[in-house]
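Peer 1: Please find one structure pasted underneath; my questions will follow.
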Amino acid sequence: MGFWYFLLLMVGILLVVKGLRGNKKISFVFVGILCIAVSIFMFTPGSTEIISELFNLD
């Protein structure tokens, strides 16, 4: 699972860079920051318990 979180982090960084370089597309920057935030959250210890509690996957 860590591979997918790392991939999401890299996609987020790419989107932020692409958004800041080109025509200043604010949507690329927003989606990139969202991807980075989700991947960093999922890398933290205890995030699986929070997600399972959120979706009632006991």
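Peer 1: What are the residues in the stretch 1-53 that are surrounded by 12 or more Cβ atoms within 10 Å (Cβ to Cβ), of a type in the set (Phe, Trp, Tyr) and free of Cβ contacts under 8 Å to residues at least 12 places away in the same chain, if any?
Peer 2: Those that are surrounded by 12 or more Cβ atoms within 10 Å (Cβ to Cβ), of a type in the set (Phe, Trp, Tyr) and free of Cβ contacts under 8 Å to residues at least 12 places away in the same chain: Phe30, Phe41.
Peer 1: Right, Leu34: among the aliphatic types (A, V, I, L, M) and in contact with a helix residue (DSSP H, G or I) (Cβ under 7 Å, 6 or more places away or on another chain) or not?
Peer 2: Details: among the aliphatic types (A, V, I, L, M): yes; in contact with a helix residue (DSSP H, G or I) (Cβ under 7 Å, 6 or more places away or on another chain): no.
The answer is no for Leu34.
Peer 1: Could you please give the count of residues in the stretch 1-48 that are touching a Ser or Thr at 6+ places or on another chain (Cβ under 7 Å) and basic (Lys, Arg)?
Peer 2: Qualifying residue count for the region: 0.
Coordinate-derived values only; no laboratory data. Nothing here was measured: the structure is a model prediction, and the numbers come from that model. Positions of Cβ are generated from backbone atoms using ideal geometry, with glycine treated the same way; all protein chains shown enter the neighbour counts.
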